[in-house]
Structure formats: structure tokens, C-alpha cells
Amino acid sequence: MAETLFRQRGFVAVSIADIASSLHMSPANVFKHFHSKAALVDAITERHLGNATDRFAAVDSNLPPKEQLLSFVLRLLDSHLQDIRENPYIFEMVIATIESKLEAGQRYRERIEQTLGGIIRDGVAGGRYHCDNTDAAASTVADVLSCVLHPILIAKDDKNALIHRAEKIVCFVDAALQNNAC
């Protein structure tokens, strides 16, 4: 119910009392399970991320690492743009996640880093990439890609411009990983 109300009216416009009223219960009953609206956002985000397994579906390991990176980034970008189109109040929830340092946001980043790390490790194993610390490299690559993946940073940008930017960033990352710049 909280997710439905947040999507309809926005995080800021919905109170715990509104949620409780929609469920025909007292606000105390809602607070018994979720100590704040931010905790509700964390739970909603966690469920949403759990349902978003296609975002992290295995990349075709037969592709060269650069194409694996690009495929993964474009799949995430497209998924985020779809979320923005379908959920106009997503920004409020993203901001709430950032401000409250909720675990769901950190777990999402960890999943991105795990996928990137796998691609980088495959590139190292195949001899294309030269990187001593793939986990650190994956974290750095995630930082660099935030300009084409973070909902707040991509919301008002043109999709074609974002795709072009993502392609350029992946080329840059690919060259850096080939030259042991991690």
C-alpha cells in the first residue's frame, strides 16, 4: 500500500497516517513493522531490486569484455530510464535512500560492482585486461558510470545522449583496464 501511495502521490505527500488509513489500521500498527517512512522506502526498494534480476542477468561471456561492459551498462541505463518514465516520484525515493543511507541502495551498488567485477575478472583471465585488484577496479568503474546510471543524474537527459555518453565511457574504461590503470 505504501508503494502504491508513494507512486501515486509522492514520498513527501504521503504520511504514515495515510498509509495506515488506506489499510484500515492505526499508524501505530504501521510503525510496529516500519519505524519510519524511510524504512518503508528501504523495504520497497529492496523488493524492487529483488524483482529486477534481469538488470543483472549474466552477460554473454562469449562477447569480448568491452561488449560485455557496454551491454550491462546499456541494460541498466534502459531499466533506469524506464523506472523514471513509469514512476515520476522515484526521485523522492532515491533521495530518501541517499539521505537515510539505507541498505537497499548500498546493496544495489554492491550488485553493480559484483557484475562489473565479474566482467573485469573475465577480461583479466582472457588476457585483455591487466588489473591487480579487480574489486577496486569494479568500484572505480561503478563511480565513473554513475553519470549514466544514477536516476538523479540521468532524469532530464536525452536517451540518445546518454547512450552515446555510456559508449564513450565504456571505451575509456576498456582502455584503462587494458593499460593497468586501475
Practice task
Considering every residue within the range 74-81, establish whether at least one is closer than 25 Å to Asp135 by Cα, surrounded by 14 or more Cβ atoms within 10 Å (Cβ to Cβ) and at pLDDT below 80.
Solution key: no
Practice task
Taking Pro65 as the residue in question, decide whether it is at pLDDT 90 or above, in contact with a Gly (Cβ under 9 Å, 6 or more places away or on another chain), under 30 Å from Ala166 (Cα atoms) and not hydroxyl-bearing (Ser, Thr, Tyr).
Solution key: yes
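Results for (1) in contact (Cβ under 8 Å) with a residue 24 or more places away in the chain; (2) farther than 28 Å from Met93 by Cβ, shown as yes or no for each residue.
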position	(1), (2)
Ile112	yes, no
Gly117	no, no
Tyr129	yes, yes
Asp132	yes, yes
Val141	yes, no
Val144	yes, no
Asp158	no, no
Ile169	yes, no
Gln178	yes, yes
Completion exercise
Counting only residues in the range 93-104 that are part of a helix (DSSP H, G or I) and buried (at least 17 other Cβ atoms within 10 Å of the Cβ), the one modelled with the lowest pLDDT is identified as Thr97
Exercise for the section: For residues that are surrounded by 15 or more Cβ atoms within 10 Å (Cβ to Cβ) and of a type in the set (A, V, I, L, M), scanning just the range 105-133, find the one that is farthest from Glu67 (Cα to Cα). Expected result: Ile112
Exercise for the section: Search the range 7-36 for residues that are at positive phi and pair each with any residue that is part of a loop (DSSP other than H, G, I, E, B) when their beta-carbon atoms are under 9 Å apart and the residues are at least 6 apart or on different chains. Expected result: Gly10/Pro88; Gly10/Tyr89
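The values are calculated or read from the model by the stated rules, or taken from the named source; none is laboratory data. What you see is a predicted model; the values in this text were computed from it and never measured. A quick note on method: Cβ atoms are made from the backbone with ideal geometry, for glycine too, and the neighbour counts reach across all protein chains shown.
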